[in-house]
Structure formats: C-alpha cells, structure tokens
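The values are calculated or read from the model by the stated rules, or taken from the named source; none is laboratory data. For clarity, every value in this text was computed on a predicted model and none was experimentally measured. Every residue, glycine among them, receives a Cβ derived from its backbone with ideal geometry; neighbour counts consider all protein chains shown.
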Amino acid sequence: MSNALLEVDSLHVEVDDKPILKGLGIAVQAGEVHAVMGPNGAGKSTLANVLAGRPGYAVTSGAMIFDGVDLADRLPEERALLGLFLAFQYPVEIPGLSNMEFLKAAIDARAKHAGLDEPSAADFIKRAREAAGRVGLSADFLRRGVNEGFSGGEKKRNEILQMLLLQPRLAVLDETDSGLDIDALQVVAAGINAFRSANNAVLLVTHYQRLLNYVVPDRVHVLADGRIVRSGDHTLAEQLEQKGYGWLAS
Amino acid sequence: MAGSPAEVTLTQRLLKGGHSGYAPWLDRRPSRDVIERIGLPALRSEEWRHTNVRRWYEAVLANGSSRAEEAAAIAAPAAIEVVDFASPRAAELAAAGPASVIDLASQPLAAVNALLLRAGAVVRAPSGIRSTEPVRIGALNGAFQHVLVHVEAGASLTLIEEPSAFTHRVIEATVAEAGHFCHWRRQARSAERECSLVAVRLQAGANYALAQTSRGADLRRNDIRITLAGSGAEATVVGAWRLHGHDHLDNQVAISHAEAGGFSRQTYRGIAADSARAVLYGRIHIAAGANQTDAALSTKNLLASDAAQVFAKPELEIHASDVQCRHGATVGTLDDAAMHYMRSRGIGEEAARELLLAGFLREAIADAEGAELVGLGA
Ligand SMILES: Nc1ncnc2c1ncn2[C@@H]1O[C@H](COP(=O)(O)OP(=O)(O)O)[C@@H](O)[C@H]1O
Ligand SMILES: [Mg+2]
C-alpha cells in the first residue's frame, strides 16, 4: 500500500550480530491506531528503536518507509523532524538540563525545520504548561531536570507531554502503559485519544491489553520471535488477554 | 644552584635585584629568604607534577614585571575602602590588619610575586558593614599583583575578579568573626601562562564562598588555600571549567579545618575537549580537635575527546574522630543515551551536545554571568 504513513517491509534487524527482527512487516495508515503486542523479548522495543534510529540496531534487509521517505539513511533528528516520535520504554534522565529548556530546544528545532519563527518564550511557556496540565504534571516538573528523579509514572506522563507538544505524524509508544497505576493509565490514555486525528497515527507497543480498554486500536498485531505472527481487530487483544501468547506459537 | 636555565636565571635575578620601589613599606625579606633557602618549586615535586612550572619561569623572564597600557580598574561601593599599595594608607591598613596568611615556604611563587610586585590594593570591609554591591577587579597594572582583603567582624563583602591578565596574582584575605566574603573569579581563555594564589583565613563563625569559572590558558594554575581558623567557620568552593585545544588548567585546592564545628563543601564540574588537560587536587585537612567538622568534596569530569586528559584527586587527612567527611570523583564521557534521547526529539547532534555540556556544568554553577563565561550562556 503506497499511501501508508508507515510501511515496514520484510525488516531484518540485528543487535550485536544477533538477529532480532526476522522479516517483520506492518503498514499503518494516517488516522489509524495500531497495537503491537507480544511476549517479553519478542522484539517490540527493537522495532520501536530501529524506527527512531537508535545506534546499535543494524538493518540487514527490508525497508522502513515513513511518509514516502526511506528511513534507513536518516539520522534520529531527521526522523523526528519528518514527524516520527518515540515515547521511550525507559525515558532518559538528564540532570542539569531543565525539562523546559529541553522542550524549547525540540520545539525550536521543529520550527526551524518548517521554516517558521521560533515561538516566543511566553507563548512557549503557555503551551508547555498546558501540555503538562493535560498529563497531570505540575509546572514544577517543567523546571526540574529532564526526567531527573521522576517516578516511573511521571516519566511516562512526560513522554506523552512531549508527544502533545511536538504533534508528530506518527507516535510510537513503547510500553508507555507499563508500570502505571490506574489513574496514570487513564491520563495517558486520554492524552493519546486527544492526540488521535485523521492526519496522524499511533503505534502502541504493549505487553498487556489493559491500555487497549481505553484506547481502542484499529488493528492489533502479535509480534513473536521477530515477526508479526497474527493480525486482527481489537478483539484479538482480548483473546490474548485470556489465553496468553502461548497458543500462537509454532 | 640546581635547576633549569630559566629557573637559575630567575633565582639569581630575584636574589640580586632590589625591588622596583613600588610599595616600599612591604617587607620583602621573608620572600627573599624563602627563595634563598628553598628556591623555586622543583619541576618534579608532587604539587607541580602536572604543570611544567619551567614554562611559567620562561614567561616571567619574558614578560618582565610590568604589563603595559593597562590602567588599574577597581570599582567599589562607597562603604568599602580600596587603596592602592602605593599609598601610605595601604601601609597603615596592612600594619593594623592581621598578619599575612600566606605560607611562603609552601608557596614560593608568592615569594616571586612579592619580589616583582607592581600592582596591589587593599580592600577593607569595615566592621559591621554589609555591602551587597560588589567590588569589581578588572585589569591591574602589572604582571605581578596582590590584592589584600580584610573583612572585619560582622562585615560582608562581595568581590568579583573579572577576566584580566596577569603572570601571578595573589588574593589574600582574612575574614574576622562572623564576617562574610563572597568571591567570584572569572577566568577567560588566554594564550598566556598564569598562576594565582588565593589564601583565605576564617575566624569563628566566618563564611567564605568562592565560585570560580575558568576557561583554559596556555598554562593556568590556581592554588587555593583556605583555613578555617575559628570554630564554626564555613567555606564553600564551587568550580566549573571548560577547556579546548591545548588548554592547561591546574586547580590545587586545600581546605584546612583547624577548629571545631567547621563546615566545608567543594563542588567541581569540568569539561575537557580536544587535547586539553585539567587537573584538580582537592585536599581536606582536619586537625586534631576539629571535632564536629562536616566536610565534603565532589568532582565530576567529562572528557569530550579521546585526547583530552583529566587528573582528579580528592585527598583527605583526618586527625579528629568525630567528623563527617565525604568525597567523590568521577570521570566520564557524554551520555550516549541522553544524546540519542535529545536527537530523537529533533535536536541536532551539535545542539544536543551543547545542551548536555551546559547542563553538566550548571549542576555546579547556576550563576548566569559565570555560565556565560564558560561558554554556556543560555
Ligand atoms: N542492546 C541489546 N544488546 C543485546 N541484545 C539485545 C539488545 N536489545 C535487545 N536485545 C535482545 O533482543 C531481543 C528483543 O528485545 P526487545 O526488543 O527489547 O524485546 P521486547 O521489547 O519485545 O521485550 C531480546 O532477546 C533482547 O535480549
Ligand atoms: Mg520492550
């Protein structure tokens, strides 16, 4: 399908010479939410990271086409500027650099890429505060070091905050739901639902079906041993919840 | 007489020459004695292990003792007395004030300074005067400079050393009971070879806060000696540096707790890029009887290239039993995970690196002007 926002085709990826993804294919249209589910170690984070261009992940064959652009030779920052966003499974702490400065640098880079003026400090602060409010983080979290001393849940909220602020075309959320209490899960789900539009898409990478009660996906894929072994509608997630992943093996 | 040709020539010149006539009241005999008895620091001595002091001797011989066309520039609020060493009032103040706090035997370069001195000033914060407006030291008219600071009982003084050139500079300070001395040092990048000494003595309940931001120089050495001579004194030293090219920076800091109930903190953050070299020796000495001392030192260093070097060494010498003393030293490289995280948000590699380096130094130095100087202006 050539009009897909993201098209991953027969993707083979190695980490430290070890094959992790072994011919993975997936296509996501604008306006869709896809869930990628699978047991631990299946390669879910590998998929998310290789899309974002993390060093150390070698694409040995296959293709990743995003909005018509082959991602293979693109730097991580170029992918971001094209509109790709990854909410990290393990967001990084950066002491000394305030969350605010970090977000401003990201917003400014995007404005510059689009040939627009950087937003004024006042305008930016207003937007950042508003996004923080939507994920239930007080303005204090904007002043603190990036993720510095944040709880697991606060880090995940901060990822969603960045997604809301940066408004990417495709958001890949790597286990953003794991480790969240029910309140945080609802906040994160509300953020994702508010983000959804006909122009963008979401790839939810998750181990559990829980989040999918709040964010109903258009398609569900099961990733096992480096491949998509089954795809279906949202009812597939419910089946997985009841039966586990074992019945899909072989 | 042993030593390098430059060392021998310099020693002979120092012992032979009379002084310039500047500040005749200054007693130069102890300095001459030290040079005669002990001589200049040996090239291989432990304290000069990382800095080739011979190169500084060469600079002394080449520069002479005057530095042309730099008018002295000290700005001070009215409540603070500032007098040039050349004035008779300086002699009065020096005579009335506490004895020298410099141990010439361990600081022979201070003896060289005294013998070649061409620029000096006394800065006095009179008893009980709490001045918030700083004294600013810009250029001083001479290669060898001495600023004598007297903070009298209960007074407070803020002194800013703006970036300026010297071959050797001494900042000598006494802080009397319950006095406060806040000291900013800003060292710009320089092609010169510069050594300095900060010697501070604190009486009971006195407080000294030093914040030093440094770029590198062809050779830059800062000796900092702080003595907590009265009970309950406090010293805080913060240092941040960022070096490039062939910069060389050697910071030798020693805090000595002589009395009970003292508090000291040392926090250093440094970045060395290219083939720059940074040295930090941080010593904490706690004398017998200096109980309830609380001392800590932390130094974190980033190497931004394979050829850059850092030598970071905390050293503790504790002779009292009831004390708290902590130290930590790390040397690392830029965090790859943090770099990737930033780039994944669209921030280019160069910008991401700058933000990370700035964040790293800002952990030590929050002051905007200081941050600006080390190349971190927000
Ligand atoms: N940096 C790495 N070095 C070595 N092996 C890795 C690395 N990252 C992932 N792997 C391996 O790749 C496989 C898939 O990991 P991952 O993609 O994290 O799975 P998931 O996210 O589905 O739990 C696992 O066997 C894991 O051990
Ligand atoms: Mg994972």
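Quick notes on this one:
Residues checked against (1) more than 9 Å from every other protein chain (Cβ to nearest Cβ); (2) modelled with pLDDT of 95 or more:
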site: B:GLN309; (1), (2): yes, yes
site: B:LEU316; (1), (2): yes, yes
site: B:VAL323; (1), (2): yes, yes
site: B:THR333; (1), (2): yes, no
site: B:ALA337; (1), (2): no, yes
site: B:SER344; (1), (2): no, yes
site: B:GLU354; (1), (2): yes, no
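- Criterion violated by A:MET100 - all others in (1) outside any strand (DSSP E or B); (2) under 19 Å from the mean Cα position of the chain (by Cα); (3) without any contact (Cβ under 8 Å) to a residue 60 or more places away in the chain satisfied: (2)
A quick yes/no check of all residues on (1) away from chain B (no Cβ under 14 Å); (2) away from ligand 1 (no atom under 16 Å from the Cβ):
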residue: A:PRO168; (1), (2): no, yes
residue: A:LEU173; (1), (2): no, no
residue: A:THR176; (1), (2): yes, no
residue: A:ASP218; (1), (2): yes, yes
residue: A:VAL229; (1), (2): yes, no
residue: A:GLU241; (1), (2): yes, yes
residue: A:GLY244; (1), (2): yes, no
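- Selection within region A:5-40: residues that are at pLDDT below 95 and in contact with a strand residue (DSSP E or B) (Cβ under 9 Å, 6 or more places away or on another chain). The member of this set that is nearest to ligand 1 (Cβ to nearest atom) is A:GLY38.
- Of everything listed in (1) under 25 Å from A:ASN49 (Cβ atoms); (2) away from ligand 2 (no atom under 16 Å from the Cβ); (3) of a type in the set (Phe, Trp, Tyr), the single unmet condition for A:TYR90 is (2).
- Filter result for B:THR213 (of a type in the set (S, T, N, Q) and touching a Lys or Arg at 6+ places or on another chain (Cβ under 7 Å)): yes
- Elements of type strands (runs of 3 or more DSSP E) in region A:155-250, at least 3 residues being out of contact with any His (no Cβ under 6 Å at 6 or more places or on another chain) and within 16 Å of ligand 2 (Cβ to nearest atom): A:170-174, A:201-206, A:219-224
- Of the residues making up region B:278-308, those that are buried (at least 18 other Cβ atoms within 10 Å of the Cβ) and polar (S, T, N, Q) number 4.
- Of the criteria (1) within 16 Å of ligand 1 (Cβ to nearest atom); (2) more than 14 Å from chain B (Cβ to nearest Cβ); (3) crowded, with 20+ Cβ neighbours inside 10 Å, which one A:HIS207 fails: (3)
- Checking region B:274-293 against the condition returns no match, with no residue being within 14 Å of another protein chain (Cβ to nearest Cβ) and modelled with pLDDT of 95 or more.
- Filter result (assigned to a strand (DSSP E or B) and under 14 Å from the mean Cα position of the chain (by Cα)) within region B:150-183: B:LEU159, B:ILE160, B:GLU161, B:HIS168, B:ARG169, B:VAL170, B:ILE171, B:GLU172, B:ALA173, B:CYS182, B:HIS183
- The set of residues in region A:66-92 being assigned to a loop (DSSP other than H, G, I, E, B) and more than 8 Å from every other protein chain (Cβ to nearest Cβ) consists of A:ASP67, A:GLY68, A:LEU71, A:ALA72, A:ASP73, A:ARG74, A:GLY83, A:GLN89, A:TYR90.
- Residue satisfying all of: in region A:18-54; over 17 Å from the mean Cα position of the chain (by Cα) and without any contact (Cβ under 8 Å) to a residue 24 or more places away in the chain; farthest from ligand 2 (Cβ to nearest atom) among these: A:LYS18
- Any hit, region A:117-128, residues being within 13 Å of another protein chain (Cβ to nearest Cβ) and outside any helix (DSSP H, G or I): yes
- Hey, B:GLY18 in a loop (DSSP other than H, G, I, E, B), under 30 Å from B:LEU93 (Cα atoms) and modelled with pLDDT under 90 or not: yes
- Enumeration of residues in region B:295-323 that are under 25 Å from the mean Cα position of the chain (by Cα) and farther than 15 Å from B:PHE360 by Cβ: B:ALA295, B:ALA296, B:LEU297, B:GLN309, B:PHE311, B:LYS313, B:PRO314, B:GLU315, B:LEU316, B:GLU317, B:ILE318
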